[in-house]
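To keep things clear, I will list the structure first and then write my remarks on it.
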Amino acid sequence: MRKAWAAIALVALAGAIAACGGPRVQGPSNQIINRVLANAPGEAQPSTIVAAEVAFARAAREQGQWTAFQQFAAPGAVIHGANGVIDAGTWLPAQTDPAEPVQWGARIVVMSCDGATAVSQGRFVMPEGIVGNYVTVWARQPDGDYKWAYDVGGPDVPQPPPRTEVADGDIVVTAIDSIQGLVATCPRAGVPIPPPPAIPIGEDGAANAVLSKDGTLRWRWEHRGDGTKFVSAEYFYQGQWLTAIEESLASPGEG
């Protein structure tokens with residue numbers, strides 16, 4: 001596994017180096033992605049989600065943002081917007097692709113033991129320069145491909161200060177982030193998996209929680225009374241449940 005994670009880090013590094021040449025994050029080439037997948041053992045491979053994220057973001061640049069969202073959406077996919085969760089299959093066809101898409105990249109991927117469910121968390125940047133975090137839930141399809149089933153994002157509040165101007169001749173390397181891959185522990189035959197921790201009673205508002213079919217990963221969302229979009233992912237690892245992702249996200253214009 002150490003070799004696989006080193007390869008995943010190289011994928012992130014390749015994307016970062018490409019970013020240094022211009023304003024758009026182009027991502028690693030298909031050849032690099034294929035090498036990563038070839039060297040990643042086991043059925044639950046976070047590198048497959050990295051590849052899906054890269055392909056998704058590339059399609060948004062080349063084909064249009066909402067066109068890509070439709071192309072990569074799983075049946076029944078939902079988008080967590082400013083007013084709650086909406087059906088992607090109904091909402092997306094009515095949208096017009098913006099001239100420039102949002103750009104994004106994963107920083108954390110957590111997967112169920114059987115690899116059927118994954119949750120990614122990362123950073124995005126809007127064309128006007130607004131930055132923030134996003135969370136996407138991925139579901140493996142019958143053909144083996146991954147499609148997104150839930151997507152949410154929110155801007156940083158407050159926004160970080162503008163970047164310092166770079167003088168000519170300076171060498172600057174930015175956004176060199178390794179991607180953290182987390183995989184749930186597969187239970188031994190005949191040993192039941194303990195249930196995940198009880199969900200605390202939250203504020204007024206809508207909520208839902210989903211447990212993976214193999215019982216090793218749970219993700220949940222809440223749309224709270226104040227408009228905050230909360231999402232978390234927990235996974236079973238070496239006999240205990242751990243929190244991998246936890247985000248409280250504002251909607252654009254809030255804060």
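The values are calculated or read from the model by the stated rules, or taken from the named source; none is laboratory data. Model, not experiment: these values are computed from the prediction. All accessible areas refer to the heavy atoms of the entire protein, side chains included, with ligands and DNA or RNA removed. Shrake-Rupley method; radii C 1.70, N 1.55, O 1.52, S 1.80 Å.
When all protein chains stay in place, what accessible area (Å², nearest 10, 1.4 Å probe) is found for residue 128?
120
How much of residue 224 can a 1.4 Å solvent probe reach, expressed as accessible area in Å² and rounded to 10?
Approximately 60 Å² of residue 224 is accessible to the 1.4 Å probe.
Which percent of the accessible area of segment 35-135 is formed by carbon and sulfur heavy atoms (probe 1.4 angstrom)? Can you show the working numbers first?
Working: 2200 of 4130 Å².
The computed percentage sits at 53.
What whole-number value in Å² describes the accessible area per residue of segment 85-154 for a 1.4 Å probe? Numbers along the way, then the final one.
Values: 2770 Å² over 70 residues.
Each residue of segment 85-154 exposes 40 Å² on average to a 1.4 Å probe.
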